[in-house]
1. Quick one: count up the residues across the stretch 601-626 that are among the charged types (D, E, K, R) and either farther than 17 Å from Leu647 by Cα or touching a Cys at 6+ places or on another chain (Cβ under 9 Å) (or both).
2. Among (1) open to solvent by less than 40 Å² (accessible area, probe 1.4 Å); (2) in contact (Cβ under 8 Å) with a residue 40 or more places away in the chain; (3) touching a helix residue (DSSP H, G or I) at 6+ places or on another chain (Cβ under 9 Å), where does Arg540 come up short?
3. So which residues in the stretch 170-203 are open to solvent by 10 Å² or more (accessible area, probe 1.4 Å), of a type in the set (Gly, Ala, Ser) and over 23 Å from Phe40 (Cβ atoms), if there are any at all?
4. Please go through the stretch 463-494 and give me each residue that is small (Gly, Ala, Ser) and out of contact with any strand residue (DSSP E or B) (no Cβ under 7 Å at 6 or more places or on another chain), ordered by number.
5. When the residues of the stretch 89-98 are filtered to those that are touching a residue at least 60 places away in the same chain (Cβ under 8 Å) and in a loop (DSSP other than H, G, I, E, B), which remaining residue is most open to solvent (accessible area, probe 1.4 Å)?
6. Of everything in the stretch 112-163, what is in contact (Cβ under 8 Å) with a residue 12 or more places away in the chain, open to solvent by 20 Å² or more (accessible area, probe 1.4 Å) and under 21 Å from Leu200 (Cα atoms)? Give them in sequence order.
7. How many of the residues making up the stretch 301-313 are over 13 Å from the mean Cα position of the chain (by Cα) and either buried (at least 24 other Cβ atoms within 10 Å of the Cβ) or under 11 Å from Ala282 (Cα atoms) (or both)?
8. Of the numbered conditions (1) under 29 Å from Val486 (Cα atoms); (2) without any contact (Cβ under 8 Å) to a residue 60 or more places away in the chain; (3) touching a Lys or Arg at 6+ places or on another chain (Cβ under 6 Å), Phe657 satisfies every one except a single condition; which is it?
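The values are calculated or read from the model by the stated rules, or taken from the named source; none is laboratory data. It should be emphasised that the depicted structure is a prediction, and the values quoted were computed from it without experimental measurement. Cβ placement follows ideal geometry from the backbone for every residue including glycine, while neighbour counts extend to all protein chains displayed. The protein model used for the area step is the full one, side chains on, heavy atoms only, and it has no ligands, DNA or RNA in it. Shrake-Rupley method; radii C 1.70, N 1.55, O 1.52, S 1.80 Å.
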Amino acid sequence: MDLTLQRRTFLHTAVAAAAAPAPKSASAQIRLWRGKPTLFIRDQPAYACFYSLTDCPGGRFSFEEGPRQSINQFVDAGFKLFQLDLFLSDCWPKPGPLSAGLARRQIRGILDVCPDGVVVLRWHVNMPEWWKEQNPGELTRYANGDFEKPERTVPVRYIQDDLRRSPRASLASEKWMQAARDKTAELLKALARVPEAKALAGLHVACGVYGEWHYWGFMRNEPDLSQPMQDRYAEYRRKLGRSVEKVPSTEERKALDQGIFRHPKKREAVIDYYRCQQELVADRIVDLCAVVKKNWPAPILTGTFYGYFFSMFDRQATGGHLELHKVLRSPHVDYLSAPQAYGTLYRDIGGSGVTRALIETIRLNGKLFLDEMDQTPSWKWLNNVDTAYQLTDLDADYALIRRNVLESFTRGAGLWYYDFGPGNQSGWWADTRLMADIKKLKDILERYHQREYEPAGDVLFVFDTEVFYYTGSIQGADPITDPLAVNRTMGEAWRSGAAVETIHLRDLEKVDLARFKVVVFANTWLMTAAQRKYVRERVRGANRHVVFQGFPAYTDGLTFNIEFSREVTGIPLPPAQRTLTQYGNTWFAADPPIQMTDWRKIFQAAGAHLYIDGGEIIHAGGGVVLVHTKGGGQRRLAFRNGKTLELTLPPKSSWLFDAATGERLL
């Protein structure tokens with residue numbers, strides 16, 4: 001063998017490879033197009049409808065047999081957009097350089113079956129075990145106890161114990177954050193040099209509970225007493241010109257002063273802590289998205305889970321997403337995402353299927369919203385050698401898929417199908433009957449996506465996040481704001497037959513108020529003087545009906561004053577009766593939630609359009625109308641243009657119509 005020739009050939013090949021230009025990567029951006037923020041891939045607008053594998057063992061790798069079967073089914077249905085989970089722990093198993101090998105295999109698994117497919121990697125920046133062992137002082141500490149040590153006898157997800165008092169890097173740790181920055185940049189630089197770069201469209205940055213940026217252990221625990229958080233909180237107080245104090249204890253967090261409220265002055269330290277923690281999380285998201293943009297050679301999509309509002313389990317201050325506008329203002333963040341809300345009023349058949357976020361506020365601020373559709377079909381474990389799982393309610397499965405997908409589309413958003421699958425190993429929609437319906441649905445929405453987007457809502461619900469700094473944050477301490485004024489209210493209102501939109505109080509001035517017959521202030525116990533003035537002078541009047549739940553503007557963040565509530569409502573408060581009462585075009589209910597039948601009465605009095613009666617769910621916008629029902633029956637569907645249809649709706653069904661012609665599409 002001619003070793004000299006072999007060496008010369010090797011060196012020539014290596015030099016040529018080093019000199020070769022980097023592969024052209026997929027270019028992904030969000031642009032305003034035809035009335036809504038829109039995903040552009042390689043300079044072409046795309047309906048942002050993705051398929052995503054799970055993060056669970058056995059179902060998360062695109063190159064393995066089971067997941068690949070599911071990917072193939074979605075490719076056959078016309079899907080070209082994919083999301084895949086990738087954990088820093090897998091890419092950095094020991095001190096030293098990061099390996100991009102698994103990331104490449106994940107992307108290659110898509111390209112092998114869909115050569116023109118593109119991938120968004122859900123990049124979990126949780127620290128590996130060896131890092132946590134070397135850095136115990138950088139871990140989250142909990143005010144209500146030491147670390148839990150659950151016994152595990154089978155393999156579990158990396159994020160399995162995020163809601164426990166588990167050893168997790170404090171989000172205040174600068175050492176963790178620097179490692180996350182460095183390894184994110186290292187991953188991107190490595191991927192930019194390989195052939196798989198052509199398919200990488202974006203990075204979805206993930207950390208906190210389940211990658212969703214809730215603070216560690218938040219549902220049942222009280223983070224974070226770690227030294228990194230003590231330092232962060234001390235600096236936060238110093239910048240405000242206040243005395244340095246320790247992070248508040250559980251007892252201090254429990255203390256309330258007037259019903260459900262903390263006094264702004266007396267509980268200043270607790271309010272400051274929650275603000276510090278909430279701003280910290282938002283800052284980490286923006287920082288990591290900026291790192292992604294900086295370290296990729298082409299336009300790349302950046303996004304994350306943030307903006308959760310509904311179904312926050314009465315833990316908004318401890319683990320919610322209260323600093324929404326800090327994230328929305330960032331040019332480094334392209335999209336936000338959230339799964340659908342939980343509970344019978346939302347997920348069950350006959351429920352609304354709405355997402356956990358205020359979608360219209362996200363759209364108003366120029367960001368794309370991507371819903372995570374992660375609701376299981378009716379699989380039942382049979383323990384049968386021929387058929388392990390079987391669908392038990394196909395009608396409900398069709399109805400829920402259509403309802404959930406249309407909820408995002410009608411509101412100018414996109415989504416991904418997140419495939420936990422039976423046994424958490426992908427394959428939730430593996431049945432050919434479900435896939436046929438998913439394909440028909442996608443084909444229809446691809447056509448309507450090409451049209452100018454027009455929202456259909458004429459009822460606007462206004463919510464606030466700021467108020468949660470001032471209300472009880474321990475579960476049960478405030479039984480009104482989150483459980484009733486937010487969650488029960490939305491569940492009841494969506495059954496009214498009206499087309500509903502939701503925004504944050506801060507975005508009220510950005511809205512075209514002329515579109516709305518009704519504006520509802522749902523949980524706005526906190527308003528500034530400027531906000532009170534705007535509501536009084538601009539929202540009330542113009543023959544518009546305004547609904548107030550509870551006592552709006554009761555605090556301005558400095559004190560409590562019933563005069564603020566009287567000023568903003570124009571009503572002599574407190575009222576003689578606490579039930580729903582009408583004062584001209586103003587409605588007031590001291591005790592939320594207002595019931596569905598009363599919402600219908602209000603909307604009818606205001607002249608808002610009611611598509612249907614009977615408690616069916618309506619999702620309207622983008623040129624289509626979806627009717628979702630549990631019980632079915634004879635119904636009249638009234639379109640906004642005056643056209644009506646007499647329908648016989650089957651139980652457990654979702655029917656889709658063209659909003660202009662009334663043609664039934666599905």
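1. We begin by selecting, within the stretch 601-626, every residue among the charged types (D, E, K, R); these are 601, 613, 616.
When the remaining residues are screened for being either farther than 17 Å from Leu647 by Cα or touching a Cys at 6+ places or on another chain (Cβ under 9 Å) (or both), the result is 601.
So the answer is 1.
2. So Arg540 meets the others, but not (1).
3. So the first thing to find is which residues in the stretch 170-203 are open to solvent by 10 Å² or more (accessible area, probe 1.4 Å), and the list is 174-175, 178-179, 181-183, 185-186, 189-190, 192-196, 198.
From the residues that got through so far, the ones that are of a type in the set (Gly, Ala, Ser) too are 179, 185, 190, 192.
Residues satisfying the conditions are Ala179, Ala185, Ala190.
4. Here is the first cut: in the stretch 463-494, the ones small (Gly, Ala, Ser) are 472-473, 476-477, 485, 491, 493.
Listed by number, the residues that qualify are Gly472, Ser473, Gly476, Ala477, Gly491.
5. By that ranking, first place goes to Pro97.
6. Answer for the stretch 112-163, where residues must be in contact (Cβ under 8 Å) with a residue 12 or more places away in the chain, open to solvent by 20 Å² or more (accessible area, probe 1.4 Å) and under 21 Å from Leu200 (Cα atoms): Asp112, Val113, Asp116.
7. Residues of the stretch 301-313 over 13 Å from the mean Cα position of the chain (by Cα): 301-302, 313.
Applying the additional criterion that residues be either buried (at least 24 other Cβ atoms within 10 Å of the Cβ) or under 11 Å from Ala282 (Cα atoms) (or both) yields 301-302.
Final tally of qualifying residues: 2.
8. Evaluating Phe657 over (1) under 29 Å from Val486 (Cα atoms); (2) without any contact (Cβ under 8 Å) to a residue 60 or more places away in the chain; (3) touching a Lys or Arg at 6+ places or on another chain (Cβ under 6 Å) leaves (1) as the failure.
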